[in-house]
Amino acid sequence: MQSRITSVGLLVKPDPADRFTYPDHIDRGSLDALPPKPGIYIFRDEQERPLYIGKSVNIRARVLSHLRTPEEARMLQASRHVEFRRTAGEIGALLLESRLIKEMQPLHNKKLRRTREMCTLRLAPDVNAMPEIVYARDHDFAVTADLYGLFATRKAALERLRMIVESERLCPAMCGLESAVRGRACFARQIARCLGACIGEEPIEDHYLRLRAALEEMRIVVWPYAGPMGIVEECDGWRQTHVIDRWFYLGSVDHVKGAAPVRQPARRTFDVDTYKILVRPMMRGELHIEPLEPATLRGRKPGRA
């Protein structure tokens, strides 16, 4: 399509949407039904299997952008229709996307598809303490203090610690990265890359405080409430509350007559994806957070862990 001159002399560039054609093999009705509103969408194949789950504040625009992306030809070729689920805002869409990807295991969502066994660095509040690697299977990251960083492997945690030690001129021996020999300088001290805590040239207290300060930006925020809380979003008069407890997404409640309450699972643990979605906006005060009404939750007795 070529540019054209209007009757008032303005040059109008062609709109790519004007020449867009919908793929014939994807149900047109399912595409026409997509709303320009927040929520998630699911590409499904002939057997109704989920191929890809995504989220957007504008479901329709995002799905159409997929249809224009040559790099996604394989997924699109297998798709037969697209379904959607509305949410009242972006946070709800992010939380629902994360949950459904874990539950449905869609073929083309490789990044979030697997539930990961995370580890972290723990530094006890003791000047003689060394960083140690601890795992989510042994510690509830949501309520355990003095944890720093989220890592998929022990190797990744050690590499990050080593980078911090080198950049801050900390002592590798005092940080557990090499064997410590009483009264003997570590290798980093021998090449002037350690301030000498290993041989008493830097006070142990000073070394500990420098280490703790260097780790601080990676601190895992302990869940700041006594129990579950609701994150409220509204869209076009529709109010929705997303129920979160210990950085775990329990579900969302629609504030309409007859809406079902959220069922509490028998066991919930720190979820790294929920944490990453919520921690920054929560700490910045950007979320509308409210206590929950008693009828919001069901399935367990009050006070039970």
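The values are calculated or read from the model by the stated rules, or taken from the named source; none is laboratory data. In this text, all values refer to a predicted model and were calculated from it rather than measured experimentally. Cβ placement follows ideal geometry from the backbone for every residue including glycine, while neighbour counts extend to all protein chains displayed.
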(message) For the stretch 37-75, give me each residue that is among the polar types (S, T, N, Q) and farther than 22 Å from W238 by Cα.
(response) Q47, S65, T69
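Condition check ((1) small (G, A, S); (2) at pLDDT 95 or above; (3) over 27 Å from the mean Cα position of the chain (by Cα); (4) part of a loop (DSSP other than H, G, I, E, B)) across all residues:
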| residue | (1), (2), (3), (4) |
| --- | --- |
| D206 | no, yes, yes, no |
| L209 | no, yes, yes, no |
| R212 | no, yes, no, no |
| L215 | no, yes, no, no |
| W223 | no, yes, no, yes |
| I231 | no, yes, no, no |
| E234 | no, yes, no, no |
(request) Could you look through the stretch 1-49, keep only residues that are assigned to a strand (DSSP E or B) and either under 31 Å from the mean Cα position of the chain (by Cα) or surrounded by 10 or more Cβ atoms within 10 Å (Cβ to Cβ) (or both), and pick out the one that is modelled with the lowest pLDDT? (result) R4
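Against the definition (of a type in the set (G, A, S) and buried (at least 16 other Cβ atoms within 10 Å of the Cβ)), how does A156 come out, yes or no?
When the stated conditions are applied, A156 does not pass them.
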(message) Condition first: under 29 Å from I244 (Cβ atoms), in the same structural domain as R210 (by TED's automatic domain parsing) and over 18 Å from the mean Cα position of the chain (by Cα). Can you find one or more residues in the stretch 168-181 that meet it?
(response) no
(request) Check L107, L95 and return the single one that is within 23 Å of the chain's Cα centre (by Cα), surrounded by 10 or more Cβ atoms within 10 Å (Cβ to Cβ), closer than 30 Å to R154 by Cα and modelled with pLDDT of 95 or more. (result) L95
(message) Filter the stretch 243-272 down to the residues that are in contact with a Leu (Cβ under 6 Å, 6 or more places away or on another chain) and at pLDDT 90 or above and list them by number.
(response) V243, Y249, V272
(request) Go over the candidates A192, A180, A173 one by one and state the one that is without any contact (Cβ under 8 Å) to a residue 40 or more places away in the chain, crowded, with 17+ Cβ neighbours inside 10 Å and not β-branched (V, I, T). (result) A173
(request) Test E83 against the stated conditions and say whether it is surrounded by fewer than 17 Cβ atoms within 10 Å (Cβ to Cβ), acidic (D, E) and in a strand (DSSP E or B). (result) yes
(request) Inspect the stretch 115-127 for any residue being within 24 Å of Q47 (Cβ to Cβ) and either surrounded by fewer than 15 Cβ atoms within 10 Å (Cβ to Cβ) or modelled with pLDDT under 95 (or both) and give the result as yes or no. (result) no
